[in-house]
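The values are calculated or read from the model by the stated rules, or taken from the named source; none is laboratory data. Small disclaimer: the values here were computed from a predicted structure and weren't measured. Positions of Cβ are generated from backbone atoms using ideal geometry, with glycine treated the same way; all protein chains shown enter the neighbour counts. Note: areas computed on protein heavy atoms with side chains; ligands, DNA, RNA excluded. Shrake-Rupley method; radii C 1.70, N 1.55, O 1.52, S 1.80 Å.
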Amino acid sequence: MYALTNKIIMMKKSLAAVAVLTALSTCAVAADLELYGVIDTGFTYTHGYDDSRNTFEMSTGNYAGSRFGLRGSEKLDETLTVSFVIEGGFNSDTGAYAEDGKIFNRESQINISGPWGTLGFGRVGAFVSGSSSTGWFWDMDPFETGYTDAGLQGTQVNVWRLNSNTVYYVSPVFKGFKLGVQHSFTGANDTEAVRQGDNNTFTNAALRWDGATARAMVAATMETFGDNEQWQNTAAGGEKFSTRRDNAYEFKIAGAWQPNAGPLTVYVGASYFKNYTTFSDSSWDDDGDVNYDRDSSRRLDGYSLYLAGKYTVGAADLLASVQYQDGENKGGDGSQESDFKRYVAALGCHYHFSPNTMLYAVASYADG
């Protein structure tokens, strides 16, 4: 479905946002099997100040990510249940796979649950992300981590993070608290190297609390980098860095509060990252221009803060947020400025026609 509402975005760097009509549908195939999907299509206008670029295009997946999937479960006995989720993304404007070579790129996992918690295996989203059924971060942001810059991926890393070859555990809920721990044996890569020392790894732990009118979350992430990460892809023609890259770390804290269960919800949070090669999840174009010293094992360090709100009027949710990021290229080779800053502001509206169909428009501005 298409939205006939334009969404305008203006920014220093050329990044996108979109107005979309989203339809979610579920079809119960059997008592323990569900076919579901999302179609997310709209129009994007982008203005980049630095290069005076203006683009207008039909776009897909800027909020929810167009997808199809199957999920099912079976009770093994009175206490044990086995479940699975397989979910693939696609581009609703062209029909192409969202990621070449992967039918179920968004999620592919099996898990078993009991009174002791849930243990799962496969390709899943990080707890610090808004991706897949294991993402716990999406409702810490009124934009639900969508819309490129407007959502929290405009100043933070790992907001869209998915990892293959992952094992995870989620504890039972106790007084509103639950703990999650996951470990990927290959990180963002899919193929496991023959020699374990060549593999990257991704480890994430999160503690979340949900109350009647508030919720909060703290999380920590560590990534290690195998010997293959010493190779520089293009800038040095495949030559090897003299120093193996240091581990990367990220810490997040976030919360949301709905005073007196009223129409207003306030969101606040902060993050810190160390030794990453991206400024944020939405800055891919800029990241490719960053140079590093061959003798340095360091990369980008930074922190970000955000304050946001949502106000519900009838069927409409009015959204607003401001974000700030500050950091330094610790591994710079001296050819560029070492410090970086970024400011993001966004306004939006979600209009709910039904529980499954929504029209929305968002405008965002980013400078950095």
Rounded accessible area per residue of the chain, 1.4 Å, Å²: 46
Calculated SAXS-style log₁₀ I(q)/I(0) at q = 0.09 Å⁻¹ - the chain, Debye, Cα scatterers: -0.53
Local electrostatic count at ALA98 - Lys and Arg +1, Asp and Glu -1, tallied over other residues with Cβ under 10 Å: +1
Helical contribution to [θ] at 222 nm, DSSP H n ≥ 4, -39,500 (n - 2.57), averaged over the chain, rounded to 500: 0 deg cm²/dmol
Violating pairs (Cα-Cα greater than 21 angstrom) within the set LYS102/LYS274; LYS178/LYS252; LYS274/LYS341; LYS75/LYS102: LYS102/LYS274; LYS75/LYS102
From phi via Karplus (6.51, -1.76, 1.60), per-residue ³J(HN,Hα) for region 185-202 in Hz, x at Gly/Pro: 7, 9, x, 6, 7, 9, 8, 7, 5, 4, 8, 4, x, 7, 7, 7, 9, 9
Largest to smallest accessible area among PHE43, PHE56, PHE202 [probe 1.4 Å]: PHE56, PHE43, PHE202
Net dipole in debye of region 145-267 [+1 Lys, Arg Cβ; -1 Asp, Glu Cβ; about Cα centre; nearest 20]: 520
From phi via Karplus (6.51, -1.76, 1.60), per-residue ³J(HN,Hα) for region 246-253 in Hz, x at Gly/Pro: 5, 4, 9, 10, 9, 10, 10, 9
In sequence order, calculated HN-Hα J values of region 152-159 (Karplus, 6.51, -1.76, 1.60; Hz; x Gly/Pro): 5, 5, x, 9, 10, 10, 6, 5
With 5 Å bins from 0: P(r) over region 318-368, alpha-carbon pairs, percent: 5, 16, 17, 13, 13, 10, 9, 7, 5, 4, 1
Apportionment of accessible area to carbon and sulfur, region 231-368, percent (1.4 Å): 56
In Å, descending, principal axis extents of the Cα set of region 86-160: 41, 30, 17
